[in-house]
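All remarks here apply to the structure that follows.
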Amino acid sequence: MNEDQVKGKLKDIGGKIQEEAGKLVDNKETEAKGLKNQVEGKTQEKYGDAKETLKDGIDRV
């Protein structure tokens, strides 16, 4: 696992928590920020996955 995968996963989890907190207190702005953080986290995690795949491919050569 590389740094982008870890940071992305943590941002995704934090976004889920933030979204749920927004739902609990009925704050649409917090809820939306949580969703945004989830998207950013998943994107960063996928970027990390791609880097890892590329690294593995290079290592095989």
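Answer with yes or no whether Val6 is without any contact (Cβ under 8 Å) to a residue 40 or more places away in the chain and of a type in the set (A, V, I, L, M).
no
Being open to solvent by 70 Å² or more (accessible area, probe 1.4 Å) and β-branched (Val, Ile, Thr) is a property that does not hold for Val6. Within the stretch 32-47, residues that are over 13 Å from Lys16 (Cβ atoms) reach partners that are in a helix (DSSP H, G or I) and open to solvent by 90 Å² or more (accessible area, probe 1.4 Å) with beta carbons closer than 7 Å, at six or more positions or on different chains, in the pairs Gln44/Lys7.
Select from the stretch 46-61 the residues that are assigned to a helix (DSSP H, G or I), among the aliphatic types (A, V, I, L, M) and open to solvent by 100 Å² or more (accessible area, probe 1.4 Å) and list them in ascending order. Answer for the stretch 46-61, where residues must be assigned to a helix (DSSP H, G or I), among the aliphatic types (A, V, I, L, M) and open to solvent by 100 Å² or more (accessible area, probe 1.4 Å): Leu54, Ile58.
Can Asp26 be described as outside any helix (DSSP H, G or I) and over 16 Å from the mean Cα position of the chain (by Cα)? Yes; evaluated as a whole, the condition is true for this residue.
Condition first: out of contact with any His (no Cβ under 7 Å at 6 or more places or on another chain), exposed (fewer than 15 other Cβ atoms within 10 Å of the Cβ), of a type in the set (Ser, Thr, Tyr) and at pLDDT 95 or above. Can you find one or more residues in the stretch 24-45 that meet it? Within the stretch 24-45, one or more residues are out of contact with any His (no Cβ under 7 Å at 6 or more places or on another chain), exposed (fewer than 15 other Cβ atoms within 10 Å of the Cβ), of a type in the set (Ser, Thr, Tyr) and at pLDDT 95 or above. All told, Asp12 falls short of being outside any helix (DSSP H, G or I) and at pLDDT 95 or above.
The values are calculated or read from the model by the stated rules, or taken from the named source; none is laboratory data. Every value quoted in this text rests on a predicted model; they were computed, and no experiment measured them. Neighbour counts are summed over all protein chains in view; Cβ atoms, including those assigned to glycine, are modelled from backbone coordinates with ideal geometry. Quick note on the areas: whole protein, heavy atoms, side chains included, nothing else; ligands and nucleic acids left out. Shrake-Rupley method; radii C 1.70, N 1.55, O 1.52, S 1.80 Å.
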